[in-house]
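Below is one structure, written out as structure tokens; the observations come after it.
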Amino acid sequence: MRLKDKIALVTGSSRGIGRATALLFAREGANVIVNYVSNRKEAEDVSQEIRNMGRKSIAVKADVSNREEVRCMVKQIIDVFGRIDILVNNAAIICKPTNILNATKEEWERLLNVNLLGAYFCVQEVAPYMIRQKYGKIVNISSNAALGTTFSAHIAYDASKAAIVNLTKRLAFELGPYGITVNSVAPGMTKTEMIGVGRNEEEIRKLIEDRAKTTSLGRLAEPYEIANVVLFLSSDESSYVTGQVIVVDGGRFDYLSHSL
């Protein structure tokens, strides 16, 4: 029970990596807040599954790109649970593939607002409580696309995830004196719904097949494999680890740069 009685907020946890993380946290003893923006039924199902394990859980709707909604979400959590020990900034979006010459201003703004500002807003609202208790674990979900590239058509997404890496290091520096660790997990392509954005079934099949060939392990990640690393960084086993980016991509070997 590595997270026994901890209070954890996992954003974007109605499905994918967020769902796997929320359920793993509960199995390790945490009470978990399931955040969602549109998939209410899926979020409630995850929350119920957590309660079935004997843990406490609520599902809270909030668009992380909206600071007021984030503020209301955190207030609700404090009212119910009294504190927040762990924050996992997992909520993110990806737009349909676009050529570098036709990516629109609106796409850039939406991606940066959710993927980058969303994480920052959550930290701004949660950090004061962690500072007060002189303890906290923050894990930001980035991407191996932040560290190198051969995958075209997602320039704004890649840039937003690269910004998360730098944000992680700055937050670790600023919050470290208060006993708060801040780290990032950079997954490779993982078998989640995000793979299907802007693609038909045949395109998805080919994408999975092609990307599997670029990993040393010859396959894509399952969500729980990313969640296992998030768990380590959220537990006291990582008490002297902060400001770090852990790549979980099965040993990708086709990057133009993979220097971090």
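Remarks
- Number of residues in the stretch 146-156 that are more than 14 Å from the chain's Cα centre (by Cα) and not in a loop (DSSP other than H, G, I, E, B) equals 2.
- Counted residues, the stretch 15-41 - those being without any contact (Cβ under 8 Å) to a residue 40 or more places away in the chain and either assigned to a strand (DSSP E or B) or buried (at least 24 other Cβ atoms within 10 Å of the Cβ) (or both): 5
- Selection of first residues in the stretch 1-14 that are at pLDDT below 95 and of second residues that are not acidic (Asp, Glu), restricted to Cβ pairs under 7 Å at least 6 apart or on distinct chains, gives the following pairs, ordered by first then second residue: 1/29.
- Residues in the stretch 163-208 that are among the small types (Gly, Ala, Ser) and at pLDDT below 95: 188, 196, 198.
- Among the residues of the stretch 42-70, the ones that are outside any loop (DSSP other than H, G, I, E, B) and farther than 19 Å from residue 126 by Cα come to 11 in all.
- Checked against the criteria, residue 181 does not count as of a type in the set (Val, Ile, Thr), part of a loop (DSSP other than H, G, I, E, B) and either touching a Gly at 6+ places or on another chain (Cβ under 9 Å) or buried (at least 18 other Cβ atoms within 10 Å of the Cβ) (or both).
- Positions within the stretch 79-96 being closer than 18 Å to residue 4 by Cα, surrounded by 15 or more Cβ atoms within 10 Å (Cβ to Cβ) and not charged (D, E, K, R), in sequence order: 81, 84, 86, 87, 88
- Among the residues listed as 155, 226, 141, the single one being in contact with a Pro (Cβ under 6 Å, 6 or more places away or on another chain) and either touching a residue at least 12 places away in the same chain (Cβ under 8 Å) or of a type in the set (D, E, K, R) (or both): 226
- Residue within the stretch 86-108 that is part of a helix (DSSP H, G or I) and in contact (Cβ under 8 Å) with a residue 60 or more places away in the chain present: no
- Count of the stretch 124-145 residues which are crowded, with 17+ Cβ neighbours inside 10 Å, in a helix (DSSP H, G or I) and of a type in the set (A, V, I, L, M, F, W, C): 4
The values are calculated or read from the model by the stated rules, or taken from the named source; none is laboratory data. Not measured: the values here are computed from a predicted model. No Cβ is skipped: glycine too gets one built from the backbone with ideal geometry, and neighbour counts run over all protein chains shown.
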